[in-house]
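One structure below.
What follows draws every value from the coordinates through simple rules; no lab data is involved. This is a predicted model, so every value here is computed, not measured.
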Amino acid sequence: MFCRNCGKELSGSPEICMNCGAKPMRGTGFCPGCGASTTPLTEICVKCGAGVGKGLAGDISPKSRLAATLLAGFLGLFGAHRFYIGKTGTAVVMLLLGIVGCATVWVFGLGLVFLIPVWIWAFVDFIFAIIGRMTDNEGKLIQKW
Ligand SMILES: [Zn+2]
Ligand SMILES: [Zn+2]
């Protein structure tokens, strides 16, 4: 591939370009397929036909959008979807809130103090997952169903 930032040819698909230090797919100046120069507004490389629009190739997570959506919908209270997409830190927070909430909800509804915020949080994640705006732990959009 070619670095999208500096246009240098790179072997394989490295995370960081050895020539300019940028993430090769984050640039907009060159086509990753043939090295032809592109502009930030170019969607398709006119030389080789590769898609070079923002958010294409490299910025899409291999994780399943369907799985993220279902996990957020059914097990969102326990952060299951966040474990799945690799955001373990916030997943643990949700899990703890969910468990504490469920364990104390019968004590004068005390657990609702934990359950309501985590439910809203899970619901927002669920919406993001459905519309394909959720990102995984590498910041890649989860768009593949
Ligand atoms: Zn570079
Ligand atoms: Zn090209």
Give a residue-ordered list of calculated ³J(HN,Hα) values for region 83-99 (Karplus: 6.51 cos²θ - 1.76 cosθ + 1.60, θ = phi - 60°; whole Hz; x for Gly, Pro). 4, 4, 8, x, 8, 5, x, 6, 4, 5, 4, 5, 4, 5, 4, x, 5
Specify the residue with the greatest mean-square fluctuation among K47, K87, K63, computed from a Gaussian network of the chain linking alpha-carbon atoms under 10 Å apart. K47
Which of the lysines could a cross-linker bridge to K87, judged by Cα under 30 Å and excluding same-chain residues fewer than eight apart? K23, K54, K63, K140, K144
Where a ≥ b ≥ c are the square roots of the eigenvalues of the C-alpha gyration tensor, would you call region 1-59 rounded, which needs a/c under 1.5, or, failing that, prolate if a/b is larger than b/c, or oblate? prolate
Could you give each residue of region 13-20 its phi-based ³J(HN,Hα) in whole Hz, using Karplus coefficients 6.51, -1.76, 1.60 with θ = phi - 60°, and x for Gly or Pro? 10, x, 5, 10, 6, 6, 7, 10
Most mobile of C20, C45, C31 per a Gaussian network model of the chain (Cα springs, under 10 Å)? C20
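When N counts the residues of the chain, how does its alpha-carbon radius of gyration compare numerically with 2.2 N^0.38 Å, as a ratio?
1.39
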Could you work out the pair-distance distribution P(r) of region 65-130 from its alpha-carbon pairs, with 5 angstrom bin width and percents rounded to whole numbers? 4, 23, 29, 22, 13, 7, 2, 0
